[in-house]
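Chemist: After the structure tokens below, expect a handful of questions from me.
The values are calculated or read from the model by the stated rules, or taken from the named source; none is laboratory data. The structure displayed is predicted, hence computed values, not measured ones. Cβ placement follows ideal geometry from the backbone for every residue including glycine, while neighbour counts extend to all protein chains displayed. Just the protein is used for accessible areas: all its heavy atoms, side chains included, with ligands, DNA and RNA removed. Shrake-Rupley method; radii C 1.70, N 1.55, O 1.52, S 1.80 Å.
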Amino acid sequence: MIIDLRSDTVTKPTPAMLQAMMSAKVGDDVFGEDPSINELEAMTAIMFGKEAAIFCPTGTMTNQIAIKTHTHPMDEVIVEKSNHVYYYESGGIAYHSLSSVRLINGDRGRIKPLDIEENINPDNIHHPKTRLVVIENTANRGGGSYYQLNEMKALTNTAHTNNLKIHLDGARIFNCLVEINTTPKEIGPLFDSVSVCLSKGLGCPVGSLLLGNKDFIASTRKYRKVFGGGMRQAGFLAAAGIYALQNNVQRLKEDNKRAKALSEIMQKTDWIESFMPVDTNIFIFKLKPEFKAEVILNKLKENLVYCFAIGGNSIRMVTHLDFNDEMLNKFSEIISKIK
Ligand SMILES: *Cc1c(COP(=O)(O)O)cnc(C)c1O
């Protein structure tokens, strides 16, 4: 039995999801004729209280297209320094949008309204124009930390009061929403655009959605084309997304719970120097200097447990649809035996 805790992207479609994919109605989406994609886009837009949506292959693409659509060259984007759009997207903001970033030193990937206010450039020829704020919920390198509803309201208010756009990288937004008992409809309207991943905890093989108002999404269609993301009969993938949104959202609570259980098991070892609280489905811990991440990862690998080193002698474990209670028990057994 392989226990793969490297990421929630490792899930494979279940038989029921495959069945939904196999029976999908498809057409050419570049012509706007794929009924499954049209259905997925409409359904997600309604779910989040937004006017429109666009289906893309990846969350990097939805984020980068959103930033490209919101900004002009020589603009500036305010973002926390560990957030995906800056840290994990290969310098895409510079490359695609010719914009600079204003990095915030946040709290586990999260920023505060004051961080926005204090980092808006004066409007004169010396400065890039501050145009956009990006926040991430849940925050990946923050160990799955999240914003409460009132915190999202405060941030979006501050952005809008200052004439800034605000984009939500909601790759794992549902892992947050199930914890704060909030519906997507309550948060969607707060933001100018929202990116949601289907290929993380929701268990789809591929896909992300970008949501916004009609004009915004109309503009994104051309950028998706120039990014090379205009797909044809991709309704087979959209059908997986429809299935996931109907069946795999509430169960994310289980993933969040199992991540907590993992952290409790790990805290019984004498390897750990410090760890981040487990708020959703990610557990990040730092090893004592006498234990090296490489060595621990290898020992785990010998027992068919796969985890991920994230630098600084830290290890990340992520729970997902393909990690069940049987594996959790097995994991506990393995950990207790490793010396
Ligand atoms: C995974 C992830 C994305 C998108 O990643 P892709 O692999 O490009 O789909 C975006 N933001 C965050 C926070 C993520 O964790």
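Chemist: Pick out the one residue from 62, 58 that is among the hydroxyl-bearing types (Ser, Thr, Tyr), in contact with a Cys (Cβ under 6 Å, 6 or more places away or on another chain) and within 15 Å of the ligand (Cβ to nearest atom).
Modeler: Numbers: 58 fails: in contact with a Cys (Cβ under 6 Å, 6 or more places away or on another chain).
Being among the hydroxyl-bearing types (Ser, Thr, Tyr), in contact with a Cys (Cβ under 6 Å, 6 or more places away or on another chain) and within 15 Å of the ligand (Cβ to nearest atom) holds for just one of 62, 58, which is 62.
Chemist: While we're here: Can you work out which of the residues in the stretch 310-335 that are at pLDDT below 95 and open to solvent by 40 Å² or more (accessible area, probe 1.4 Å) is nearest to the chain's Cα centre (by Cα)?
Modeler: 311
Chemist: Follow-up question, since we're still on this one. Among the residues of the stretch 219-230, is there at least one that is at pLDDT 95 or above, in contact with a Lys or Arg (Cβ under 9 Å, 6 or more places away or on another chain), outside any helix (DSSP H, G or I) and within 16 Å of the ligand (Cβ to nearest atom)?
Modeler: Within the stretch 219-230, one or more residues are at pLDDT 95 or above, in contact with a Lys or Arg (Cβ under 9 Å, 6 or more places away or on another chain), outside any helix (DSSP H, G or I) and within 16 Å of the ligand (Cβ to nearest atom).
Chemist: Could you name every one of the strands (runs of 3 or more DSSP E) located completely within the stretch 69-186 that has at least 2 residues being free of Cβ contacts under 8 Å to residues at least 24 places away in the same chain?
Modeler: On the way: elements: 75-80, 100-104, 129-136, 165-170.
Per the criteria, no element qualifies.
Chemist: Could you check how many residues of the stretch 182-205 are hydroxyl-bearing (Ser, Thr, Tyr), open to solvent by less than 30 Å² (accessible area, probe 1.4 Å) and more than 19 Å from residue 56 (Cα to Cα)? Reasoning before the result, please.
Modeler: So in the stretch 182-205, the residues hydroxyl-bearing (Ser, Thr, Tyr) come out as 182-183, 193, 195, 199.
With the extra rule that they be open to solvent by less than 30 Å² (accessible area, probe 1.4 Å), the set shrinks to 182, 193, 195, 199.
Checking which are more than 19 Å from residue 56 (Cα to Cα) leaves us with 182.
Of the residues in the stretch 182-205, 1 are hydroxyl-bearing (Ser, Thr, Tyr), open to solvent by less than 30 Å² (accessible area, probe 1.4 Å) and more than 19 Å from residue 56 (Cα to Cα).
Chemist: Can you tell me which residues in the stretch 145-159 are open to solvent by less than 10 Å² (accessible area, probe 1.4 Å), over 11 Å from residue 191 (Cβ atoms) and out of contact with any Gly (no Cβ under 9 Å at 6 or more places or on another chain)? Full working, then the answer.
Modeler: Quick first cut of the stretch 145-159, residues open to solvent by less than 10 Å² (accessible area, probe 1.4 Å) only: 145, 147, 152, 155-156, 159.
Narrowing further to those that are over 11 Å from residue 191 (Cβ atoms): 145, 147.
Hit for the stretch 145-159 is 147, nothing else.
Chemist: Output the residues belonging to the stretch 309-321 that are over 14 Å from residue 266 (Cβ atoms) and in contact with a strand residue (DSSP E or B) (Cβ under 7 Å, 6 or more places away or on another chain).
Modeler: First, the residues of the stretch 309-321 that are over 14 Å from residue 266 (Cβ atoms): 309-313, 320-321.
Passing the criteria: 309, 310, 312, 313.
Chemist: Identify, please: which residue in the stretch 1-30 is polar (S, T, N, Q) and open to solvent by less than 50 Å² (accessible area, probe 1.4 Å) and is, among those, nearest to the ligand (Cβ to nearest atom)?
Modeler: Applying the first criterion (polar (S, T, N, Q)) to the stretch 1-30 yields 7, 9, 11, 14, 19, 23.
From what's left, open to solvent by less than 50 Å² (accessible area, probe 1.4 Å): 7, 11, 14.
On the way: 7: 8, 11: 13, 14: 20 Å.
Checked the stretch 1-30; the qualifying residue nearest to the ligand (Cβ to nearest atom) is 7.
Chemist: Let me ask another. Got a sec? Which of 255, 270 is open to solvent by less than 10 Å² (accessible area, probe 1.4 Å) and acidic (Asp, Glu)?
Modeler: Working: 270 fails: open to solvent by less than 10 Å² (accessible area, probe 1.4 Å).
Only one candidate qualifies: 255.
Chemist: Let me ask something additional. I'd like to check something: does the stretch 55-74 contain any residue that is open to solvent by less than 40 Å² (accessible area, probe 1.4 Å) and farther than 27 Å from residue 235 by Cα?
Modeler: yes
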